[in-house]
Amino acid sequence: MRLLVDTHLLLWATEASPRLPRIASRLISDPANDLIFSVASIWEISIKHAKGLKSFHAHPGTVWEGLLENGYMELPVLGKHAVAVGSLPRIHRDPFDRILIAQSLVEGITLLTSDATVARYPGPIRKV
């Protein structure tokens, strides 16, 4: 299965945080799954790290390099993803979550999330 891992799950996985749900840990560690991260997640980590937010204390460069070293594939934000954001229902206002949802829909990749609001969108989204 191809999994686009959302930002919080990425951070929890890289930090081996107890906040990472067990099912997410199993899916992430399953070698049969292709793990993908969005450039938008690195962008979000960069912005929130620069603001000094407690939950975003990991250095974005370290997270990015670690993901690549651990076999994650990097998904750039393309114009077609940005266009797709405009057709999403107004369920969630967070622009980073909305671009991840659009990428999931456009690319046909399952978005792995722990966010119940994100999971309300139609499409290939799996709440853990």
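Some notes on this structure:
- Karplus 3J(HN,Hα) series, Hz, for the stretch 77-88 with 6.51 cos²θ - 1.76 cosθ + 1.60 (x for Gly, Pro): 8, 10, x, 5, 6, 4, 5, 5, 4, x, 9, 6
- Paramagnetic reach from residue 69 in the stretch 12-36 [backbone N under 13 Å; point 7 Å along Cα→Cβ]: 14-15
- Peptide ranges 102-115, 61-74, 32-45 listed from the most packed, as the mean C-beta count within 10 angstrom indicates: 102-115, 32-45, 61-74
- Rounded, prolate or oblate (a/c below 1.5 giving rounded, otherwise prolate when a/b exceeds b/c) for the stretch 2-127 by Cα gyration tensor: rounded
- Take the Cα of residue 62, step 7 Å toward its Cβ, do the same at residue 106, and the gap between the two points is 3.2 nm.
- Taken one residue at a time, the phi angles of the stretch 26-35 give Karplus couplings (6.51, -1.76, 1.60, θ = phi - 60°) of 5, 5, 5, 8, 6, x, 6, 8, 8, 9 Hz. Gly and Pro are set to x.
- Cα gyration tensor shape for the stretch 35-102, rounded if a/c is under 1.5, else prolate or oblate: oblate
- C-alpha center-to-center spacing [the stretch 82-120, the stretch 57-81] in angstrom: 17
- Proximal aspartates and glutamates to residue 80, defined as alpha-carbon separation beneath 13 angstrom and excluding residues fewer than eight positions away on the same chain: 107
Every number in this text was worked out from the coordinates using simple rules, so none of it is lab data. Keep in mind it's a predicted model, so treat the numbers as computed, not measured. Cβ coordinates were reconstructed from backbone atoms using ideal geometry, including for glycine residues, and neighbour counts include every protein chain displayed.
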